[in-house]
Amino acid sequence: MSGANQGAAASPQAAGSLQTLRWAVADGWTLTGRALAHWARQPGQIAMGLLFPVMVVLMMGYLFGGQMDVPGGGSYRAFIVPGMFALTMAFGMEETFVRVAGDAAKGVTDRFRTMPMSPSAVVTGRAAADMVYSVAGLAVMAGCGVLIGWRVHDGAAKALAGFGLLLLLRFSLIWMGVYLGLVAKGPESVVAVQILVWPVGFMSSALVAPSTMPGWLGAVAEWNPMSATVTACRELFGDPVAGGSWAAQHSVLMAVVWPLVIAAVFAPLSVRRYRALGR
Amino acid sequence: MAEPRFAVVAEGLRKRYGDTEALAGLDLRVPAGTVHGLLGPNGAGKTTAVRILTTLARPDGGTARVAGHDVVREARAVRGRIGLVGQHAAVDEILGGRQNLVMFGRLYHLGAARARRRADELLERFRLADAAGKAVGEYSGGMRRRLDLAASMILAPPVLFLDEPTTGLDPRARNEVWDAIRALVDGGTTVLLTTQYLEEADRLAAGISVIDRGRVIAEGTPDQLKKRLGGDRIEVALDDPGSLTAAAEIVGRVASGGVDVDAEALRIGAPVSGRAAALTEAVRALDDAGVKVADIGLRRPTLDEVFLHLTDKEEVSS
């Protein structure tokens, strides 16, 4: 809010900006603590959220896996684990959305806006909590992956780079979740978000190699931001990589570029939308 | 800085949403330390006024100062001096009551230890200590409202805004909230209250501004507003429809204004000037004429009547 900025500028300048930053961090941390307290109070819901991707991977791996041939060789179960990592990140956006839309609908966002707290903390607190949750989700999925035969082949450094790309994707989706949450009428609209997330998530190389899809669909799938992260992870984990498109061959680059593009679009939109609440 | 004499001063506030003019030059002065009621029908601009005064929305025109600070240019200073209880109980339903208050206390920059102390004080004061650990989602409507009030009081703000604080509450919960508001005012807080319940304004507010179509159309104490409708009224209820005309004529003789006859309910009402004398005279005359009276009495006009009277007039004049 420009009003808030002007109010802050009225205080002594030099000490003022440092103080502003200090409170931005402190307030963000308070709101991260709030999200963590939510999980402590809803352990069942958290466990469900963490185990849902595990269920999907087991279903795909054991129910459908027998009929699947992976182009480039290797087991289907090992093939889908990096895909499931990325899908876990995509599903995580629903959590961001539900929390943001819930606060806006219940008037909690308005209460924050009438308080002398740092306006940026609403997002930074949310983002930090979502990243913690995402790390937990990746850890659970990695444990599950190891149990069903997925391995890292190219060493810890590359594997960590792969997880870094996954978290980068998740970070960019926070902004999409915040924006959609501020636009939506309430947390019930999460159904609409799922209708957006699921096809985009599945129309990628996450669970099926795009080379086996009809031509046009395969092309869409290969250029899907999800595929960029999935393919880059397969490469960094040392799994066989299928797909001959430019996007597939430069997957690591694309796995950096796509999230930056998503964040570059949705971060300013979110800020604008938040300010528009004061109109 | 010396306490300003008026805790809220609005001059010519304007706000337009699309084709709707929500505020059309609203003027408002609330003396410090009082409860002021903002009354008006739905869509009159009450909530828009509160949103502007609490820095949630920016006015298109006009100025407003709250606790001595401009709501646009010094928004942050205003935020450090106000509390808002909106139409929803804006608290975290997953967390417990105490967790809520500690969180808001920290966001008000009290620091961890003071935030915890303040939370305990407020839980005690709003009689929520027993439910402090329970998730707010399990609270009753009244308890949730009280927690909402407590959260707005963390800084003990000089000015508190209550936007329809008892909408949707049962009478018992409403009483609880009223008690809490009275206690705050006793502590020196200025309260601006919007409500559709005229009884609520009557009970709590020292001054009332009636607003319609984004402007103030009447102002005064509840008593002053009631006097504008002609002071006391005499009310007669009958058993026998046949005596309606005779009774209406007798009431007309003691009345100081027009007589309202409700043939369906067998009730007759009219404004009177001399309270006891008018009543005695009416009883005697009715008795002499042999009219059987089911009930007779004097009463002051309700704020509802004042309100309908004022907003009706507005309808006609525009």
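The values are calculated or read from the model by the stated rules, or taken from the named source; none is laboratory data. Remember, it's a predicted structure, so these values are computed and weren't measured experimentally. Quick reminder, even Gly has a Cβ in these numbers, built from the backbone with ideal geometry, and neighbours come from all protein chains shown.
List of remarks:
- Residue count for the stretch B:50-62, restricted to those that are more than 8 Å from every other protein chain (Cβ to nearest Cβ), touching a residue at least 24 places away in the same chain (Cβ under 8 Å) and not aliphatic (A, V, I, L, M): 4
- Any pair with Cβ under 6 angstrom, 6 or more apart, that starts in the stretch B:4-20 at a residue that is over 17 Å from residue B:71 (Cβ atoms) and ends at one that is surrounded by fewer than 17 Cβ atoms within 10 Å (Cβ to Cβ) and at pLDDT 95 or above: B:16/B:60
- Condition check for residue B:104: surrounded by 24 or more Cβ atoms within 10 Å (Cβ to Cβ) and of a type outside the set (D, E, K, R): yes
- Selection of the stretch B:1-23 for residues being part of a strand (DSSP E or B) and either basic (Lys, Arg) or surrounded by fewer than 16 Cβ atoms within 10 Å (Cβ to Cβ) (or both) yields B:11, B:12, B:14, B:15, B:16, B:17, B:20.
- Candidate set: the stretch B:63-112, residues that are touching a residue at least 12 places away in the same chain (Cβ under 8 Å), farther than 20 Å from residue A:36 by Cβ and in a helix (DSSP H, G or I); chosen: the one farthest from the other protein chains (Cβ to nearest Cβ): B:78
- Residues of the stretch B:135-155 classified as assigned to a helix (DSSP H, G or I) and either more than 13 Å from residue B:118 (Cβ to Cβ) or among the β-branched types (Val, Ile, Thr) (or both), total: 12
- Looking across the stretch A:26-45, the residues that are at the interface with another protein chain (Cβ under 8 Å from one of its Cβ atoms) and of a type in the set (Gly, Ala, Ser) come down to A:26, A:33, A:37.
- Set B:242, B:269, B:258: member being at pLDDT below 90, farther than 22 Å from residue B:30 by Cβ and assigned to a loop (DSSP other than H, G, I, E, B): B:258
- Residue match in the stretch A:201-224 (condition: assigned to a helix (DSSP H, G or I), closer than 19 Å to residue A:98 by Cα and modelled with pLDDT under 95): yes
- Sole residue being over 19 Å from residue B:195 (Cβ atoms), surrounded by fewer than 17 Cβ atoms within 10 Å (Cβ to Cβ), of a type outside the set (S, T, N, Q) and touching a Phe, Trp or Tyr at 6+ places or on another chain (Cβ under 9 Å), chosen from B:121, B:93: B:93
- Where residue B:132 falls short, out of the listed (1) under 24 Å from residue A:33 (Cα atoms); (2) more than 13 Å from chain A (Cβ to nearest Cβ); (3) of a type outside the set (Lys, Arg); (4) within 25 Å of the chain's Cα centre (by Cα): (4)
- Selection within the stretch A:229-270 - modelled with pLDDT of 95 or more, closer than 18 Å to residue A:88 by Cα and aromatic (Phe, Trp, Tyr): A:258
- Residue check: residue B:271 meets all listed conditions (1) crowded, with 19+ Cβ neighbours inside 10 Å; (2) over 25 Å from the mean Cα position of the chain (by Cα) but one, namely (1).
- Condition broken by residue A:89, with the remaining ones in (1) in contact (Cβ under 8 Å) with a residue 60 or more places away in the chain; (2) touching a His at 6+ places or on another chain (Cβ under 7 Å) satisfied: (2)
- Any hit, the stretch A:239-248, residues being in a helix (DSSP H, G or I) and among the charged types (D, E, K, R): no
- Residue A:228 meets each of the listed conditions (1) away from every other protein chain (no Cβ under 14 Å); (2) outside any helix (DSSP H, G or I); (3) surrounded by 17 or more Cβ atoms within 10 Å (Cβ to Cβ) apart from (2).
- Hey, residue B:43 without any contact (Cβ under 8 Å) to a residue 60 or more places away in the chain, closer than 21 Å to residue B:307 by Cα and surrounded by fewer than 19 Cβ atoms within 10 Å (Cβ to Cβ) or not: yes
- Selection of the stretch A:29-83 for residues being among the polar types (S, T, N, Q) and touching a Leu at 6+ places or on another chain (Cβ under 7 Å) yields only A:30.
- Flag if residue B:80 is small (Gly, Ala, Ser), at pLDDT 95 or above and surrounded by fewer than 22 Cβ atoms within 10 Å (Cβ to Cβ): no
- Residue among B:221, B:194, B:166, B:190 that is touching a Lys or Arg at 6+ places or on another chain (Cβ under 9 Å) and modelled with pLDDT of 85 or more: B:194
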